[in-house]
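What follows draws every value from the coordinates through simple rules; no lab data is involved. Note that the structure is predicted; figures quoted are calculated from it, not measured. FYI the Cβ positions are ideal-geometry reconstructions off the backbone, even for glycines, and counts take in every protein chain you see.
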Amino acid sequence: MRTCMLNIACVLACVLLTACAAAPSREALTVHDADAGMVHGCKFVGYVSGTSGWSGLAADAGESNAQSEAREKAARLGATDIVWQTVHSGWGSTANGNAYSCPRHAIAMP
């Protein structure tokens, strides 16, 4: 019985922590993930980063929040795409990337 209650508590904690992921703005949703080949010929607009205090069991939510913060910054720079350099969780979560402005027709799809 004790193990069952502990399992239920762990599942509930994971569900609640996952719900803590920040929702990106409409502008940030227009910034797409890309790789180096996809942004060839695009204009580099800046280096962006984001952080989150969530880590450990909530690492996924923390990384998502950090990426959302970086994506928001990229959108403010006029970026359409971001090439992630690092996305990491440790004592908190961080996401770092290069932001680019690409004409939609210039992006090479893999």
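Points to keep in mind about this one:
- Take the Cα of residue 84, step 7 Å toward its Cβ, do the same at residue 29, and the gap between the two points is 2.0 nm.
- Local charge for residue 50 was computed over the other residues whose Cβ lies under 15 Å away, with Lys and Arg +1 and Asp and Glu -1, and equals -3.
- Close amide H contacts of residue 45 (hydrogens built in the peptide plane, cut-off under 5 Å, sequence separation of 5 or more or a different chain): 99, 100, 101.
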